[in-house]
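The structure follows.
What follows draws every value from the coordinates through simple rules; no lab data is involved. Treat the numbers as computed from the prediction; the structure is a model and nothing was measured. As a convention, Cβ positions derive from the backbone with ideal geometry for all residues, glycine included, and neighbour counts pool all protein chains shown.
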Amino acid sequence: MSSKIQLYSLGTPNGQKISVALEEMGLPYDAHKIDFSKDQQHSPEFLAINPNGKIPAIVDPLSADGKPLTVFESGAILIYLAEKSGKFLSTNPRLRSETLQWLFFQVGGVGPMFGQFGHFFKHAVDKCDHPYPKKRYTDETRRLLAVLDEHLQGRDFLVGGEYSIADMATVPWVDALAAFYNAGEALKLIEFKNVNAWTERVNKRPKTAAGMKVLSVQ
């Protein structure tokens with residue numbers, strides 16, 4: 001059995017969070033593509049790893065107790081990897097708390113709302129002709145971007161002036177708005193100057209850039 005972390009994922013925003021973390025933390029891993037077109041996320045083999053049938057998920061063959069450990073849910077995986085590596089999650093109680101707050105801001109808000117925006121803006125154009133869903137999720141996406149933009153005023157990163165798992169979790173979703181959903185103009189992304197500067201800053205990190213390309217769907 002390999003001693004490397006086994007990553008089961010796809011190069012979507014949720015998946016990119018984990019490959020970025022693994023690259024930045026320098027943790028050896030093998031990447032396995034879960035092909036949605038073949039319904040592999042619902043295979044018995046994958047459901048044994050993540051009963052929710054969603055990516056990403058990992059198996060760490062050598063966890064703290066020396067036994068294999070399966071972890072699913074991207075936020076939980078990021079915390080696990082940060083604690084395993086001792087990187088990107090401060091041991092300072094205040095900074096740790098702030099990092100977890102912004103991580104869960106992404107997990108509970110940015111991811112679900114941006115994802116719903118993308119669904120109605122790009123994927124369900126021919127399935128839903130009512131304007132309400134598109135407007136609702138456009139407005140909520142812009143609201144969340146405004147929260148990020150205000151918070152990032154005068155800051156290089158989300159917490160404490162240092163790159164953290166909160167940044168890793170959030171940047172892929174912000175990138176997806178223009179790169180995957182082609183919604184830059186519709187969302188007027190140019191208005192969020194602090195967010196734009198932050199995403200550019202983060203994406204210049206070589207290991208983050210490498211992690212974003214793992215198991216790419218482009």
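Please give the contour-minus-distance gain from GLN101 to SER3: 0.36 nm per residue of separation, less the Cα-Cα distance, rounded to one decimal in nm.
32.1 nm
State the antiparallel share, in %, of DSSP beta bridges confined to the chain, rounding to the nearest 5.
Around 55 percent antiparallel, to the nearest 5.
According to a simple spin-label model (label point 7 Å from Cα along Cα-to-Cβ), what is the distance in nm between ALA76 and ASP139?
In this crude spin-label approximation the distance works out to 3.4 nm.
Toward the positive end of the charge dipole of region 93-210, about the Cα centre and with charges on Cβ (Lys, Arg +1; Asp, Glu -1), which of LEU187, HIS151, GLY115 goes farthest?
GLY115
In nm, to one decimal, how far is the modelled label at ASN203 from the one at GLU83, with both set 7 Å along Cα→Cβ?
3.3 nm
Follow-up question, since we're still on this one. Could you tell me the distance between the Cα centroids of region 152-178 and region 1-78, to the nearest Å?
Going from one Cα centre to the other spans 22 Å.
Here's another thing I want to ask about it. Within the set LYS33/LYS207; LYS54/LYS213; LYS38/LYS87; LYS17/LYS84; LYS127/LYS204; LYS33/LYS188, which residue pairs have Cα atoms separated by over 26 Å? Don't skip to the end; give the middle numbers.
Details: LYS33/LYS207 20 Å; LYS54/LYS213 19 Å; LYS38/LYS87 36 Å; LYS17/LYS84 16 Å; LYS127/LYS204 38 Å; LYS33/LYS188 33 Å.
Violating the 26 Å Cα-Cα cut-off are LYS38/LYS87; LYS127/LYS204; LYS33/LYS188.
Could you pull out which residues in region 189-218 have an amide N less than 20 Å from a spot 7 Å beyond the Cα of SER37, following the Cα-Cβ vector?
Only 213-218 pass the distance filter.
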